[in-house]
Each structure stands twice: as C-alpha cells, then as structure tokens.
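Reading through the structure tokens given below for one structure.
The values are calculated or read from the model by the stated rules, or taken from the named source; none is laboratory data. Note that this is a predicted model, so its numbers are computed, not measured. Note that each Cβ is placed from the backbone with ideal geometry, even for glycine, and that neighbours are counted across all protein chains shown.
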Amino acid sequence: MTDVRPTVSADGPTGQSVLSTLFRSEQGGHEQVVLCQDRETGLKAVIAIHSTALGPALGGTRFHAYGSEEEAVLDALNLSRGMSYKNALAGLNHGGGKAVIIGDPETVKTEELLLAYGRFVASLGGRYVTACDVGTYVADMDVVARTCQWTTGRSPEGGGAGDSSVLTAYGVFQGMRASAQHLWGDPTLRGRRVGVAGVGKVGHHLVAHLLEDGAEVVITDVRAASVEAVRRRHPQVTAVADTDALIRADLDVYAPCALGGALNDATVPALTAKVVCGAANNQLAHPGVEKDLADRGVLYAPDYVVNAGGVIQVADELHGFDFDRAKAKASRIFDTTLAIFDRAKADGIPPAAAADRLAEQRMAEARAQS
C-alpha cells in the first residue's frame, strides 16, 4: 500500500530542519512521530501518525535504503499525511499513518528484525495499523503479525486478504468510469482508446477491466516480459515501445500505472488524451502540473482518490475480510470521483484541490464531534 501527495519539506538534511517541519502545522501537523531502534536486530524505523481524527491511523510500512535518517523521517511525514487524505476520501474510519524501516531490504531484512518492528507497532496500542508498502510484502506482514495484532496485508493463510492489486485496479477503473461520465456523459470506456503505462501487479488487472468494458487498449512497460504476458492473455491489445510513445499516441485516456512523477513539464504538453486516470502514486511532478493539465483541457482524476482500492481492502481485513464487502466499498470510488469533479467545477479549482478540500472537511467535522 503506497502513497501520496508529498507536501512536507525541509530546508536541508539537518535534525533541526526536520524538527521544525514536524511542528509546522501548515505543512505537517502530525500527532505523533516515533523513532524505533533495536540494537540486536539492527532495526531503525520511523512511525509517523498524522491524524487519528477519523479513527486509528492506517498506512503501510516502507522498507528502503534512505540516504540519511532525516530523509527517512521526512518520507514518513509526507506519506502519513497523504494517507490521512486518502483514507478520508475512501470513506474509511481511519486516520493517516506510515512507517519506514531504514535499510536495504535485500540485505538487512530478517525475521528477527520484523518481529522487533512488530513489537514497536504493538506498543502504540492500536493508534497505528500497518500493512505492506514498497519493500515489504504479504509474507513480511505475516511475520509482523506474530508480535502485533494491528497488522493487515497478511496472507489468507495468516488470516488476511493477500494481494491488494485486484481491488486497486478495480478502483482505478471506477475512477475512469466516473471521468468518462463527467466528460462524455456516459460511464463507460466502450469505444475509447486507453493507454496503460505499466502493466505489472495493478496494470494487468486494469487492462482486463477495460477490455471487458469494450475499450481499445494500448500498453507499455519497461519490462518486456510484462508486456508479453498481457498480450498472451489479450492478443487484441497493442503495445508501443515506451512511455513517451504512449503519451504521444492518439488516446482518449492515459493511465499512469508505474512510477510517480509521470506528469511533468515534458509529458503534459505531449499528451493527446483528454483524461488522466491511473494507479501510480504521486503522478504530479510538482504542484503546478495540474494547472497545466487544466489549461490544456485535460481532466485529471487525483491518484490518491482512484487508487484507494488497496487501502479499502486492508481496512476490511480488520473486520474479517470479505471480498464482496470490500469490492462494494471500492465501487464507491466512482461516486467520490464524480463528487470531486463537481466540487472542482463549482469552486473553479483543479480536481486535486477539490479532493483536498473534501478530505479536510471530513477530518474537520470528525474533530469537531470528538
């Protein structure tokens, strides 16, 4: 479970700048940040709780070889704030949190380290619920769960739901249907040409939804094997050499489903699509990009809204996972996306700004009632 909207920054990689950022409410406003260290296992981790206004903070655990401890703290701050917004708009009774474990997961990840990490999460008494993220997997969450009951993203054998990519793709498809409804007056991609950049865990499921809906699909991926696997299953799909070629292709919808920063000063002017709606996190390279999209008449479905199917799934795990129940919740991404477009039009602002306002409104109402 990854994400979203990096807004916290510091003047430089110093402890002082990180602390000043933490207490700067207009950028951070976090409730709690915990630094975790276990000398025996080598664990160094940061757990950031941005908000519990809507309920216990929920967000994944990222395992990454950061350049410095300060960089790790800032990443945890950014990601946990983003999870507050994502969870609020997903209609979940959860606030936003995120954890990062410092180190190369290929070399330092051990069972003992994960068990130690689980003990730190457990010490928060349920204020933070963890799950998978970059560098952590279902098998890792099964280990963490041995020392921490507030763990989701587990395997079905471990009492969880397993891989969340199925519902992530389904939610993106609902966001795309809402985009079609808003722009063309019909909630279908039938007859539309959709370009999918990245056909890995989430992207290949999205392709299947689009084809079933009657869309023409064009794909690309840096991994040739991923492209070949999709074309074996769906020979009617067209492939192009790279993302640059896909962006310049004649498309109705562009779906970034790989790395962040896909929409930037170089790619936006080259876009032919009238809709951008994809699963990738942090698609806007900088805050001005969304205005550039709007100026070109491109409708942008905010990534952290449409890719929320994964967090909806892991949240459902806490109540004994039921796929149909979780899918029904993910279906509401259609209505949420439409509401955001309507709010953006009414307020004369870009969709991402409208999404932020709706999320902040829900959190403010929850705080007022507490």
List pairs: first in region 358-370 and under 20 Å from D335 (Cβ atoms), second in a helix (DSSP H, G or I) and not hydroxyl-bearing (S, T, Y), Cβ under 6 Å, 6+ apart or cross-chain? A359/A88; A359/L89; R362/A88; M363/A88
Enumeration of residues in region 272-297 that are aliphatic (A, V, I, L, M) and surrounded by fewer than 19 Cβ atoms within 10 Å (Cβ to Cβ): A285, A294
Considering region 118-141, residues that are without any contact (Cβ under 8 Å) to a residue 24 or more places away in the chain and more than 24 Å from N281 (Cβ to Cβ), and then whichever is surrounded by the fewest Cβ atoms within 10 Å (Cβ to Cβ), we arrive at G125
Which is closer than 23 Å to D133 by Cβ, aliphatic (A, V, I, L, M) and at pLDDT below 95, of A368, A330, A280, A308? A280
So for region 207-217 (the condition being modelled with pLDDT of 95 or more and within 19 Å of the chain's Cα centre (by Cα)), does at least one residue qualify? yes
When you go through A270, A245 one by one, which is the residue that is assigned by TED's automatic domain parsing to the domain that holds V172 and out of contact with any strand residue (DSSP E or B) (no Cβ under 9 Å at 6 or more places or on another chain)? A270
So A353 fits all but one of (1) of a type in the set (G, A, S); (2) touching a helix residue (DSSP H, G or I) at 6+ places or on another chain (Cβ under 8 Å); (3) modelled with pLDDT of 95 or more; what number is the exception? (3)
May I ask you to list the residues in region 78-120 that are under 16 Å from Q149 (Cα atoms) and out of contact with any helix residue (DSSP H, G or I) (no Cβ under 7 Å at 6 or more places or on another chain)? A116, R119, F120
Inspect all residues belonging to region 283-296 and state whether any of them is within 19 Å of M176 (Cβ to Cβ) and small (G, A, S). yes
Could you tell me whether V222 is among the β-branched types (V, I, T) and crowded, with 16+ Cβ neighbours inside 10 Å? no
Only one of A315, A258 that is within 21 Å of the chain's Cα centre (by Cα) and modelled with pLDDT of 95 or more: A315
For region 320-339, give me each residue that is loosely packed, with under 15 Cβ neighbours inside 10 Å and not in a helix (DSSP H, G or I). G320, D322
I'm told E157 meets every condition in (1) charged (D, E, K, R); (2) touching a helix residue (DSSP H, G or I) at 6+ places or on another chain (Cβ under 9 Å); (3) closer than 28 Å to L358 by Cα except one. Can you identify the failing condition by its number? (3)
Inside region 341-357, the number of residues satisfying the requirement of being without any contact (Cβ under 8 Å) to a residue 60 or more places away in the chain, part of a helix (DSSP H, G or I) and not charged (D, E, K, R) is 3
Picking from L183, L167, the residue that is farther than 26 Å from G320 by Cβ and either assigned by TED's automatic domain parsing to the domain that holds T267 or surrounded by 24 or more Cβ atoms within 10 Å (Cβ to Cβ) (or both) would be L183
